[in-house]
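All remarks here apply to the structure that follows.
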Amino acid sequence: MKIALIAHDRKKELMVKMALAYLPILEKHELFATGTTGLRITEATGLSVHRFKSGPLGGDQQIGAMISEDKIDMVIFLRDPLASQPHEPDVNALIRLSDVYEIPLATNIGTAEILLRGLEAGFVDFREVIHETDNRPISL
């Protein structure tokens, strides 16, 4: 899977700790990140991470463009809900695109861990099931 990793300044250390804790899972996937977050992850883990610009300089929008082109499968965006962000409209647009294109999005560490454990467990991508059945309802 192609996973985007984004973290606001006060959440970058938490993102690095998460990447270290889930290294065996993350190393099996293609990783993308905004500038500083990607650099911090690479330095701490040795993982290969495709880095975009920093969030305020357009990195969030670059990841949003990849979502709209069906080139991202999951987003982990550790947001700081207590700090005002100068690029808040870009953040909101990224969240909206994740909803529009039905991309799993974690905005906190609890949800991020559930998504990563789901990857490890090999859960089925429900979007693929829908496409395989020609958008016909299926019973679960």
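The values are calculated or read from the model by the stated rules, or taken from the named source; none is laboratory data. Keep in mind that what you see is a predicted model, and the values were worked out from it rather than measured. Glycine gets a Cβ as well: all are built from the backbone with ideal geometry, and neighbour counts include every protein chain shown. Heavy atoms of the whole protein, side chains included, go into the accessibility calculation; ligands, DNA and RNA do not. Shrake-Rupley method; radii C 1.70, N 1.55, O 1.52, S 1.80 Å.
Going through (1) at pLDDT below 95; (2) crowded, with 17+ Cβ neighbours inside 10 Å; (3) over 27 Å from ALA121 (Cα atoms) one by one, SER84 falls short only on (2). HIS50 meets the conditions (1) open to solvent by 80 Å² or more (accessible area, probe 1.4 Å); (2) touching a residue at least 24 places away in the same chain (Cβ under 8 Å) in every case but one. The failed one is (2). Within the stretch 53-81, the set of residues being exposed (fewer than 15 other Cβ atoms within 10 Å of the Cβ) and among the polar types (S, T, N, Q) comprises just one member, SER68. Of the residues making up the stretch 87-106, those that are part of a loop (DSSP other than H, G, I, E, B) and either modelled with pLDDT of 90 or more or among the charged types (D, E, K, R) (or both) number 4. For SER84, the conditions (1) part of a loop (DSSP other than H, G, I, E, B); (2) in contact (Cβ under 8 Å) with a residue 12 or more places away in the chain are fulfilled apart from (2). Is it true that GLU30 is in contact with a Lys or Arg (Cβ under 9 Å, 6 or more places away or on another chain) and either on the phi < 0 side of the Ramachandran plot or at pLDDT 95 or above (or both)? Spelling it out, GLU30 is indeed in contact with a Lys or Arg (Cβ under 9 Å, 6 or more places away or on another chain) and either on the phi < 0 side of the Ramachandran plot or at pLDDT 95 or above (or both). One residue stands out among those in the stretch 13-28 that are free of Cβ contacts under 8 Å to residues at least 40 places away in the same chain and closer than 18 Å to PHE52 by Cβ: the one that is surrounded by the fewest Cβ atoms within 10 Å (Cβ to Cβ), which is VAL16.
Cβ separations smaller than 7 Å between residues 6+ apart or across chains give the following pairs from the stretch 29-43 residues that are more than 20 Å from GLY118 (Cβ to Cβ) and free of Cβ contacts under 8 Å to residues at least 12 places away in the same chain to residues that are open to solvent by less than 70 Å² (accessible area, probe 1.4 Å) and not acidic (Asp, Glu): THR42/VAL49. Inclusion of ASP9 among residues that are surrounded by 16 or more Cβ atoms within 10 Å (Cβ to Cβ), touching a residue at least 40 places away in the same chain (Cβ under 8 Å) and under 17 Å from THR107 (Cα atoms) is not warranted.
Summed over the stretch 29-47, the residues that are open to solvent by 10 Å² or more (accessible area, probe 1.4 Å), part of a helix (DSSP H, G or I) and among the hydrophobic types (A, V, I, L, M, F, W, C) give a count of 2.
Restricting attention to the stretch 11-48, the residues being among the charged types (D, E, K, R) and either closer than 22 Å to GLN61 by Cα or touching a Phe, Trp or Tyr at 6+ places or on another chain (Cβ under 6 Å) (or both) number 4.
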